[in-house]
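Below is one structure, written out as structure tokens; comments come after it.
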Amino acid sequence: MQELEGFQEVKDELNQMRWSIDELRDAHEELERRANVIEHQQMESLEYDLREAREEFSELSSELTKVRTALRRLVDRVASLEHSVQAVSGAEPADLDLVDKNISMLAARIAKGRDAQAALLTDTARTTMDYRIKHYQRLYGEYQGHLDQAIEYSKILIQTNAGEAAHTKAATGFRTVLREISTLAEQLGRLRPQYEEAQSDLEADDARRSTHGPAIMTGDAAYAKLHSLMRQRIAVAINQRALMPVWLTTALGHPPAAQTDQWMNLTAEVLCFRISYNITDLVVALGNPPAPAQRARHAWYRELSHLIGKLESAT
């Protein structure tokens with residue numbers, strides 16, 4: 001009877017523990033639910049704040065763009081008025097695009113040199129090709145080294161008997177080397193097309209550099225000379241308060257108080273571009289966009305467009 005009573009007490013205690021566990025589980029689930037609700041609310045609040053910040057930033061960016069556009073139009077309008085005032089006051093127009101025999105010769109050399117340069121691989125491309133070649137050659141050297149090891153191990157295996165320490169060591173080394181040879185052979189097979197292509201491309205580029213090197217050097221020297229001449233021409237026009245062409249004031253404005261040297265260099269380069277490609281447009285500084293097939297002209301056009309855009313943003 002006492003045993004039954006003791007069993008009942010244990011049973012009751014177990015039931016009480018189960019009930020306590022259930023209560024704890026319910027409390028834990030309730031806490032998790034509350035935590036999830038709080039986290040969700042916080043996330044919604046953060047997302048809302050982020051959306052508001054993004055919208056505000058977008059509005060500010062839009063307003064800034066409008067201000068820059070309005071400012072640019074104002075600058076253009078002022079330049080136009082200045083142009084009109086100078087014309088009425090009898091200011092002499094600056095014929096910056098004037099081409100004589102010497103300048104024409106320099107322009108032809110520049111265009112020829114840039115065309116030759118455009119046919120060459122870039123420094124980045126050559127570095128990539130060189131890496132592929134050296135990487136393949138390094139792996140091939142490792143492959144040959146493992147082959148030599150395999151031959152040495154095979155000699156030991158032939159010269160020793162099974163069970164001997166030297167034979168066992170050679171057998172283990174031979175199996176290891178064979179795995180390395182197999183792995184490297186797979187890598188070399190996969191990389192060989194890239195290796196051969198890189199070799200071929202570099203050899204062809206070396207040949208082109210040898211052939212066109214003089215034209216490129218001559219073009220670089222011609223550009224340095226023409227750029228210097230155009231910079232002098234612009235400086236003289238500014239000093240004489242000459243009437244600047246519309247294409248210049250529209251794209252580049254007037255010499256700024258700060259970064260004047262940068263402005264002079266860019267304006268001279270734009271003038272070199274116009275003369276090199278015989279651009280006669282009176283309003284558009286760089287003329288019509290060249291086709292991508294005109295690699296040298298297209299690359300120079302994009303570079304100058306980028307620099308002019310940076311100049312506009314700075315002003």
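List every residue whose amide H lies under 5 Å from the amide H of MET244, counting only residues 5 or more places away in sequence or on a different chain, with H placed 1.01 Å from N in the peptide plane.
It is ALA94, by chain and number.
Among 92-103, 220-231, how do they line up by average Cβ neighbours within 10 Å per residue, starting with the highest?
Numbers: 92-103: 13.5, 220-231: 17.2.
In descending order of packing, they fall as 220-231, 92-103.
Using 1/(1 + (r/R0)^6) with R0 = 41 angstrom and r between the beta carbons of ALA185 and GLN294, what's the FRET efficiency to the nearest 0.05? Can you show the working numbers first?
On the way: r = 46 Å, r/R0 = 1.12.
Approximately 0.35, to the nearest 0.05.
Between beta-carbons, use under 10 Å as the cut-off and find the net charge around THR218, counting Lys and Arg +1, Asp and Glu -1.
With Lys, Arg at +1 and Asp, Glu at -1, the net is +1.
Roughly how many Å is it from the Cα centre of the stretch 90-109 to that of the stretch 202-257, as a whole number?
Each part reduced to its Cα centre gives a spacing of 12 Å.
So, by mean Cβ neighbours within 10 angstrom, what's the order for 109-118, 272-281 with the highest one leading? Walk me through the intermediate numbers first.
On the way: 109-118: 20.0, 272-281: 18.3.
Ranking, from highest mean packing down: 109-118, 272-281.
If I stretch the segment between ALA166 and ASN265 completely, what's the gain in nm (0.36 nm per residue apart, minus their alpha carbon distance), one decimal? List each step's numbers first, then the result.
On the way: separation 99, 0.36 × 99 = 35.64 nm, distance 7.61 nm.
Here the segment from ALA166 to ASN265 would lengthen by 28.0 nm.
Cβ under 13 Å from LEU304's Cβ, LEU304 left aside: what net charge do those residues give with Lys, Arg +1 and Asp, Glu -1? Write down the numbers at each step before the final one.
Numbers: positive: ARG114, ARG274, ARG297, ARG302, LYS310; negative: GLU269, GLU303, GLU312.
Around LEU304, the charge tally is +2.
With a Förster radius of 41 Å, plug the Cβ-Cβ distance of ASP130 and LYS310 into 1/(1 + (r/R0)^6) and report the FRET value to the nearest 0.05. Walk me through the numbers before you get to the answer.
Details: r = 33 Å, r/R0 = 0.80.
The pair ASP130/LYS310 has a calculated efficiency of 0.80.
Values quoted throughout were computed directly from the atomic coordinates according to the rules given, and no laboratory measurement underlies them. Note that this is a predicted model, so its numbers are computed, not measured. When we count neighbours, we look across all protein chains shown, and the Cβ atoms used for this are built from the backbone with ideal geometry, even at glycine.
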